[in-house]
Amino acid sequence: MALAIPMERPSNMACLYQITNLVNAKYYIGVHACGVLCSRETQCPYMGSGLGIKAAIKKYGQDNFKRDVLAEHDDVQFLYQLEAAVVNEAFVKRSNTYNRKVGGKGGPLGNQYGLGNKNNIGRVRPLSERQQISQSMMGKQNSLGTHNRLGHKASPETLQKMREHCGHSHSVETKQRISATMRQLHQQD
């Protein structure tokens, strides 16, 4: 369903787009200002910056996604207003969308909304519930890989290995590989 907005297409175009997962039919709606005609996918291959859609593209592969331009306009604020009208709280809570926050703002979401469960968006837990969660987590290890040992002291052997590695620098070849990888990641955003 494309919104037809009759107008000339200046070079500072922005678009409201929908990305659909062809495997599970989940979709993401967003705004992108790239300065080219958004409907020509060869000129603007942007596939969203939301955490959910990025993770899905990584999981299913970009070939399993279709990008449709819903509207184009030279005023990005107008498109944010359109996005806000579509991507509201009810839309975000639906299970068939990758959107994790209401539209109309753009930018990163961060971890403040409990990303594992979209129903926690904007929810502030009461003090009693927070205390209960805190008590239930006492003594349990954090499951996040490198954070498992937070608060634990390293063994003397581990400390010695860390001291030996301190001051070590990467080889020129490794630095070039890191640089190329980082450039690739920034080009995808």
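The values are calculated or read from the model by the stated rules, or taken from the named source; none is laboratory data. What you see is a predicted model; the values in this text were computed from it and never measured. Reconstructed Cβ throughout: ideal geometry from the backbone, glycine too, with neighbour counts over all protein chains shown.
Output yes when any residue across segment 79-100 is of a type in the set (Val, Ile, Thr), modelled with pLDDT under 70 and in the same structural domain as Leu22 (by TED's automatic domain parsing), and no when none is.
Going residue by residue through segment 79-100, those that are of a type in the set (Val, Ile, Thr) are 86-87, 92, 97.
Filter again for modelled with pLDDT under 70, leaving none.
No, because not a single residue in segment 79-100 is of a type in the set (Val, Ile, Thr), modelled with pLDDT under 70 and in the same structural domain as Leu22 (by TED's automatic domain parsing).
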### Query
Would you call Asp74 at pLDDT below 90 and in contact with a Pro (Cβ under 7 Å, 6 or more places away or on another chain)?
yes
#### Entry: Hits in segment 45-102 (condition: surrounded by 18 or more Cβ atoms within 10 Å (Cβ to Cβ) and assigned to a strand (DSSP E or B))
Phe65, Arg67, Val69, Leu70, Ala71, Glu72, His73, Thr97
